[in-house]
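This report concerns only the one structure given below.
Since every read-out is calculated from the coordinates, none of them should be taken as a lab result. The structure displayed is predicted, hence computed values, not measured ones.
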Ligand code: UDP
């Protein structure tokens with residue numbers, strides 16, 4: 001058994017209640033940590049829904065935050081817009097005080113924050129507890145979404161920053177923080193090419209002859225689903241058997257968005273064409289049965305789902321937004337179109353469906369690229385090197 005005295009305790013701070021790409025990536029990292037050198041401790045929101053993942057079963061967990069109710073969230077959104085500094089200070093100080101005590105109790109050697117709110121709370125807590133701090137930054141913020149607050153907090157807490165893409169790293173330009181770009185990785189053993197299980201087509205209501213487009217991700221306005229609906233309605237006359245499988249669910253604070261999307265689909269005459277699959281745990285299988293994977297984001301920090309699609313050998317149509325051009329090689333592993341341009345999106349999807357030979361080749365190239373560049377093992381290796389450099393191990 002490794003000597004516990006020598007192993008460094010890494011405190012992972014994430015405030016999300018629902019699972020998203022950030023939490024998936026964190027689980028991949030934690031489950032690959034070399035436990036002869038590091039002990040992961042997860043500091044999470046009480047009642048978070050993703051803690052039952054089998055990869056986390058043996059991981060030490062500390063409920064460090066209370067979840068925000070929907071009502072508080074709405075009220076805070078208004079306050080955040082009007083008085084961002086005051087709002088942020090109020091919603092940071094008390095949880096940071098509790099977290100700093102949790103860090104001391106759990107004997108954390110290094111604090112690694114994994115979600116936006118956690119950077120602020122964890123940043124202050126790490127300061128109070130005198131612990132080194134890593135921010136794993138996964139968000140791409142607009143000016144009105146707290147970018148200047150993030151930059152201010154960077155000066156205040158002096159974190160070592162991991163950015164998941166060059167686009168995300170760009171938010172720290174001109175600051176003295178040391179930023180390392182470590183693109184997300186996925187479990188390449190789970191996302192492999194192959195046939196989808198028998199019966200999945202039928203379960204989703206797909207006929208053998210249907211042309212299947214899939215989109216995977218949270219149903220939230222910046223993911224661009226509205227534009228994709230427009231694009232699909234553009235191509236239905238050329239492709240009467242096209243079906244769009246929408247995988248993902250709304251966030252708890254904007255439940256009405258799902259109805260808005262469904263209403264728009266009906267208005268566009270797509271009630272039969274769109275399959276609302278909801279949250280799925282069999283994403284690799286759904287990707288395996290699609291002809292084209294589409295991510296129509298307006299502003300995408302990375303787009304983990306894209307590399308998942310590439311790893312099962314699917315060609316990708318995506319918007320050239322944020323970190324996406326760092327993943328998709330336009331014309332080689334997929335097609336990139338400008339964000340918020342449904343017509344361009346429709347043309348690219350049409351081009352993919354029209355030339356199965358070429359799209360198959362793009363899927364093949366995507367698979368090679370995913371395996372070469374986007375494995376989760378590489379992420380764990382790079383992050384551990386960074387810990388060692390910081391802890392002087
Ligand atoms: N995901 C899932 N089931 C769903 C929808 C999404 O397992 O129904 C996973 C998806 O496979 C990916 C992650 O959630 O690993 C979404 O990550 P991405 O970076 O694409 O999107 P975001 O975190 O911005 O929602």
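Okay, here's what the table says:
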read-out	value
Angle in degrees between helix 225-235 and the longest Cα principal axis of the chain, rounded to the nearest 10	20 degrees
Rounded, prolate or oblate (a/c below 1.5 giving rounded, otherwise prolate when a/b exceeds b/c) for the stretch 203-256 by Cα gyration tensor	oblate
Of all DSSP beta bridges in the chain, antiparallel share, percent nearest 5	0 percent
Distance between the stretch 315-340 and the stretch 181-211 - C-alpha centres, whole angstrom	20 Å
Beta bridges per DSSP with both ends in the stretch 266-393, % antiparallel, nearest 5	0 percent
Gyration tensor (alpha-carbon) shape descriptor, the chain, a/c threshold 1.5	prolate
Segment residue 320-residue 391, length gained on full extension (0.36 nm per residue, minus Cα span)	21.8 nm
Angle in degrees between helix 342-354 and the longest Cα principal axis of the chain, rounded to the nearest 10	60 degrees
On Cα atoms only, tilt of 70-82 relative to the major axis of the chain in degrees	80 degrees
Over the chain: helical MRE at 222 nm, DSSP H runs n ≥ 4 each giving -39500 (n - 2.57), nearest 500	-13000 deg cm²/dmol
